[in-house]
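Heads up: the structure comes next, in structure tokens.
The values are calculated or read from the model by the stated rules, or taken from the named source; none is laboratory data. Note that the structure is a prediction, hence the values are computed from the model and not measured. All Cβ positions, glycine included, derive from the backbone under ideal geometry; neighbour counts span all protein chains shown. In case anyone asks, the SASA skips ligands and DNA or RNA and just uses the protein heavy atoms, side chains included. Shrake-Rupley method; radii C 1.70, N 1.55, O 1.52, S 1.80 Å.
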Amino acid sequence: RICSSGGEIASARAVVGLVRSAPFVVHTEGYGEIMSAAILIFASGTGNRRLSKFTSLMHHEPAYALDAKHGDHKTLCKEIDKERIRWPKWIEEFTGSSRDFWIKHGNGLDYYFTPEEALEIVLATEVF
């Protein structure tokens, strides 16, 4: 069960790694809000991906804050560019949802969508 406004990219990838390597089927259920990094965690479920009809979803490009040297900013920007390619690829792999959808809606403003729209794009398998 997931209700999350998101979080750190590396932490989300760690949870996804655990879910995808589990020796059993992992069903994901979304309640309240599934946003930012939580979208990838929700999508990683290997069984049913269910959403409460009262859930709000939001996807956006990677965000970061860095108080460091100029070179560190440049290095982090290169890594973020890699994430912008990996995440849509993984969501497509996990769900069959179009990589192009996630790329299109992962640039610029936050993209909010409903559980019913999540069904249409194959992110969710059921709304309850």
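Projected area of region 39-128, taken from the Cα convex hull and averaged over every viewing direction, in nm²?
Working: hull surface 25.3 nm².
Projected area, direction-averaged: 6.3 nm².
Residue by residue through region 113-128, which ³J(HN,Hα) values in whole Hz follow from phi under the Karplus form 6.51 cos²θ - 1.76 cosθ + 1.60 (θ = phi - 60°), with glycine and proline marked x?
Computed from phi, the couplings for region 113-128 are 8, 8, x, 5, 5, 5, 5, 4, 8, 6, 5, 9, 9, 7, 10, 10 Hz.
Could you name the aspartates and glutamates whose alpha carbon sits less than 12 Å from that of LYS89, not counting residues in the same chain fewer than 8 places away?
ASP100
Name the long-range amide H neighbours of ASN48: under 5 Å, sequence gap of 5 or more, or other chain; modelled H, no Pro or chain starts.
Result for ASN48 returns THR28.
At 7 Å along Cα-to-Cβ for each site, give me the label-to-label distance between PHE128 and GLU8 in nm.
Each label point is offset 7 Å from its Cα along the Cβ direction, giving 3.2 nm.
Kindly express, to the nearest 10 degrees and within the range 0 to 90, the angle between helix 70-95's C-alpha long axis and the longest C-alpha principal axis of the chain.
Between the helix axis and the principal axis of the chain, the angle is about 20 degrees.
What is the calculated FRET efficiency for LEU18 to LYS69, with r their C-beta to C-beta distance and R₀ = 35 Å, to the nearest 0.05?
On the way: r = 33 Å, r/R0 = 0.95.
The computed FRET efficiency comes out at 0.55.
Any chance you could give the angle, 0 to 90 degrees and rounded to 10, that helix 9-21 forms with the longest Cα principal axis of the chain?
Helix 9-21 and the main axis of the chain meet at about 40 degrees.
Could you work out what % of the accessible surface of the chain is carbon and sulfur, using a 1.4 angstrom probe and leaving DNA, RNA and ligands out of the count? Each step should come with its number before you reach the end.
Details: 4040 of 7300 Å².
C and S fraction of accessible area: 55 percent.
Rounded to whole Å, give me the distance from the Cα center of region 67-128 to that of region 41-60.
Rounded to whole Å, the Cα centres lie 13 Å apart.
In Å², what does the accessible area per residue of the chain work out to with a 1.4 Å probe?
On the way: 7300 Å² over 128 residues.
Per residue, the chain has an accessible area of 57 Å².
Cβ under 11 Å from GLU79's Cβ, GLU79 left aside: what net charge do those residues give with Lys, Arg +1 and Asp, Glu -1?
On the way: positive: LYS74, LYS78, LYS82, ARG84, ARG86; negative: ASP72, ASP81, GLU83.
So the surrounding residues net to +2.
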